[in-house]
Every structure is written in C-alpha cells, then in structure tokens.
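Worksheet for the structure shown next.
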Amino acid sequence: VTPLAAVSTDPPTPAAFDAELLRRLTTRVVGRRRELESVVAALAAGRHLLLEGPPGTGKSTVLRAIAEEAGVGFEFVEGNAELTPARLVGAFDPAAVLSEGYVPEVFVDGPLLSALRDGSLLYVEEINRIPEETLNVLITVMSEAQVHVPRLGRIAAAPGFRLVAAMNPFDAVGTARIASAVYDRCCRLAMGYQSIDDEALIVRAAAPDASAELGAHLALAAVHVVRDSRDHPDLRTGSSVRGAIDMVLITHELAGLRGLPADNPSVTLDAALLALSGRVRLREGSSRTSEDVVEELWAAHFGPSDDDEPAADAVASGGRGKA
Ligand SMILES: Nc1ncnc2c1ncn2[C@@H]1O[C@H](COP(=O)(O)OP(=O)(O)OP(=O)(O)O)[C@@H](O)[C@H]1O
Ligand SMILES: [Mg+2]
C-alpha cells in the first residue's frame with residue numbers, strides 16, 4: 001500500500017505475512033514479540049493455527065490486530081453451542097428455493113464458505129464450545145481444503161484460506177471435545193500471562209486517562225493484586241489483566257464520586273471488590289468467600305499497613321476533595 005512497496009526488492013505477495021506486518025503488529029500489541037513472530041510465521045507457511053490460553057491473555061487482541069494490519073480478508077465467528085453446521089457453512093434460502101429450486105444463486109454463504117471462496121482467514125473464537133458436528137466440518141476442511149455441501153456441490157479453498165481458532169483450556173464447557181484430530185491438523189500456540197511490566201503497559205493502554213490521573217504507583221498496585229490472585233491458595237482461577245483495567249477505571253470514578261483521593265482505602269477496596277470478586281473462582285471446598293480473598297489480596301498492596309501511604313488518615317478525614 002505504501003509507495004515504498006513499489007521499490008521493494010521482494011516480489012509483491014498478495015497476503016504479506018512478513019517482517020513489515022510484524023513491525024506494524026508490535027505497535028498495536030503490547031509485548032508478545034515471540035508470539036507475534038510465531039503467528040505470522042505459521043500464517044506465512046499457510047498453516048492453520050490454534051491459540052490456547054486463559055481468558056484475557058490477548059488472543060483476540062493479537063488476531064484482531066492481524067486482521068486489520070495484514071490486509072487479508074477475515075471472517076469472524078463466535079464459537080458457541082448454537083453454531084450449527086448450517087450457520088457456519090451457509091444454507092439455501094427457503095423462500096427462494098420454493099420459487100427457484102435448489103440453484104446456487106439462492107444459497108446464502110455462511111462465514112466458512114465466504115472464507116473458502118475468498119481465500120480469507122476464518123477466525124473461530126472459543127472453538128471448544130462449538131457442537132461436535134460443526135467441529136467435524138472444520139476438521140474436514142482442514143484436511144481436504146474443501147467442503148461438500150449437499151445440492152450445492154464441492155467448494156474448494158482459494159489460496160490464502162486458513163483457520164485460526166482460539167480457546168481457553170480451563171473453560172469447563174466442552175473442552176474435552178477438542179479431539180486429537182483438530183490438534184493434528186493445526187499448529188498450536190500457548191498464550192500465557194504476560195510479565196508484570198507488560199501488564200502494567202496494557203492497563204495504561206486500555207485506561208489511559210484513569211491511569212494518568214491515578215499515577216503509575218496505583219495502577220501498578222492493581223496489577224500486583226491481579227497477579228497475586230493467580231496463585232492464591234484459595235483460588236482455582238485468578239483474574240486476567242481485565243481485572244486490573246477495571247480496577248483502575250473504577251478507582252478513578254469512585255474517587256471522583258466520593259470526593260476522596262484515589263488512594264483512599266475505601267475507594268481502592270470497593271474498586272477491587274467490584275473489579276475482582278466475580279472474576280476469581282474459589283477452589284472447591286474453600287470455606288472463604290471471594291470478597292474475603294479479594295480483600296486479603298487488596299490489603300497486601302493497598303492496605304493501611306502499606307508504609308508509603310497515609311491511608312488511615314485519609315479514611316478519617318473523609319471528605320478531602322481531589323478537585
Ligand atoms: N498484549 C496485549 N496488548 C494490548 N492489549 C492487551 C494485550 N493483552 C491483553 N490486552 C487487553 O486485555 C483485554 C483482554 O484481551 P483479549 O480480549 O485479547 O483476551 P483473550 O485472550 O481473547 O481472552 P478470552 O479468552 O477471554 O477471549 C483486551 O481488551 C486488551 O485491552
Ligand atoms: Mg478472546
């Protein structure tokens with residue numbers, strides 16, 4: 001697209017999964033250099049790809065960035081129990097069939113057929129949630145690069161077609177169904193939690209105004225709380241970076257509403273409870289509540305014992321405005 005492309009020594013490629021794409025991606029995604037390289041390499045090699053990782057680890061962020069930067073066609077499908085083969089593949093329009101019969105003109109392409117015909121990326125979120133029969137359609141497409149639709153015929157994949165799927169390995173819904181047949185037909189990239197520095201940058205990028213007003217110290221403390229939740233003994237699942245983003249946004253709003261400084265314990269604790277108590281999952285058999293655990297996590301980084309904050313005073317003086 002840029003004038004420079006015309007004088008490049010490389011031959012132009014229709015879908016450029018190359019170093020230039022990688023460079024553009026790194027300006028949109030925080031960190032993840034290694035993963036971005038892996039994704040671009042797998043797509044450049046024409047492989048199907050499965051991204052696997054806990055919630056909030058940037059799978060959608062990475063794929064959306066690729067969709068927007070790579071300049072290739074992109075079909076987006078939300079994986080859930082209602083994704084029948086007909087919804088994925090497409091179907092004959094029943095009304096038109098009555099008047100015209102089963103002719104190709106009255107077939108309404110679903111996302112799979114559109115992606116096959118255009119040679120686009122087919123991106124399936126939460127692939128582990130889709131029904132078995134729909135998964136089987138995808139398995140066939142991955143092995144044969146074509147699909148056979150009754151009364152429509154054989155639709156072959158145009159060059160460029162690839163399946164990119166994402167799933168959360170801890171998702172209780174149907175995870176077991178992702179058969180080895182799927183794994184054997186695609187490359188897999190594990191997306192784990194990012195470093196504390198990257199997560200702090202992600203919070204700043206997602207909540208720039210609130211982060212700027214609260215200051216780096218408070219935003220970093222929120223990231224600490226969220227990270228601690230991931231290996232708390234009473235928790236089965238901790239919070240993703242989404243929890244830290246929400247906590248920063250809510251702290252900012254609550255401080256304004258209450259006319260209190262943002263580091264006031266009554267502000268940060270309520271923000272932590274709002275942002276995190278629903279996100280963390282207690283271990284089976286734990287006698288605690290999630291509020292209780294969140295408060296403990298909060299106290300370690302925001303509590304009155306924190307020696308750099310005159311937190312107790314702030315509570316006592318109450319209405320000290322922040323204007
Ligand atoms: N590397 C990153 N760069 C920029 N933002 C990120 C990154 N990772 C996560 N985020 C932020 O965190 C939020 C959650 O990320 P994302 O939706 O990509 O996670 P996901 O892995 O797709 O989660 P899920 O499994 O729940 O679908 C995004 O809205 C984005 O603001
Ligand atoms: Mg996602």
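The values are calculated or read from the model by the stated rules, or taken from the named source; none is laboratory data. Everything numeric in this text was worked out from a predicted model, so none of it was measured. Cβ sites come from the backbone with ideal geometry, for glycine too, and all protein chains shown count toward neighbours. The accessibility values were calculated without ligands, DNA or RNA, using every heavy atom of the protein model including side chains. Shrake-Rupley method; radii C 1.70, N 1.55, O 1.52, S 1.80 Å.
Descriptive notes on the structure:
- Pair list, Cβ < 7 Å and 6+ apart or interchain, from the range 141-162 residues that are within 13 Å of F107 (Cα to Cα) and in contact (Cβ under 8 Å) with a residue 24 or more places away in the chain to residues that are open to solvent by 50 Å² or more (accessible area, probe 1.4 Å) and not aliphatic (A, V, I, L, M): R151/Y102; L152/P104; I155/R117
- Residue in the range 302-321 that is modelled with pLDDT of 90 or more and assigned to a helix (DSSP H, G or I) present: yes
So that you can scan it fast, the table gives a plain yes or no per residue for (1) open to solvent by less than 50 Å² (accessible area, probe 1.4 Å); (2) in contact (Cβ under 8 Å) with a residue 60 or more places away in the chain; (3) in contact with a Lys or Arg (Cβ under 7 Å, 6 or more places away or on another chain):
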residue: A221; (1), (2), (3): yes, yes, no
residue: I245; (1), (2), (3): yes, no, no
residue: L273; (1), (2), (3): yes, no, no
residue: R281; (1), (2), (3): no, no, yes
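- Residues that are open to solvent by 30 Å² or more (accessible area, probe 1.4 Å) and more than 14 Å from ligand 2 (Cβ to nearest atom) were ranked within the range 47-70; the one that is nearest to G119 (Cα to Cα) is R47.
- Some residue of the range 86-109 being under 22 Å from M167 (Cα atoms), basic (K, R) and within 16 Å of ligand 1 (Cβ to nearest atom): no
- Selection within the range 119-147 - in contact with a strand residue (DSSP E or B) (Cβ under 8 Å, 6 or more places away or on another chain), open to solvent by 30 Å² or more (accessible area, probe 1.4 Å) and closer than 22 Å to A45 by Cβ: T140, A145, Q146
- Subset of the range 201-230 (residues that are modelled with pLDDT of 95 or more and not in a helix (DSSP H, G or I)): A207, R230
- Residue within the range 191-200 that is under 14 Å from R279 (Cβ atoms) and within 12 Å of ligand 1 (Cβ to nearest atom) present: yes
- Lone qualifier among E52, E82, E75 - being away from ligand 1 (no atom under 16 Å from the Cβ), in contact with a Pro (Cβ under 6 Å, 6 or more places away or on another chain) and modelled with pLDDT under 95: E75
- Sole exception among (1) within 16 Å of ligand 2 (Cβ to nearest atom); (2) surrounded by fewer than 21 Cβ atoms within 10 Å (Cβ to Cβ) for P265, by number: (1)
- Residues in the range 71-93 that are within 16 Å of ligand 2 (Cβ to nearest atom) and β-branched (V, I, T): V77 alone.
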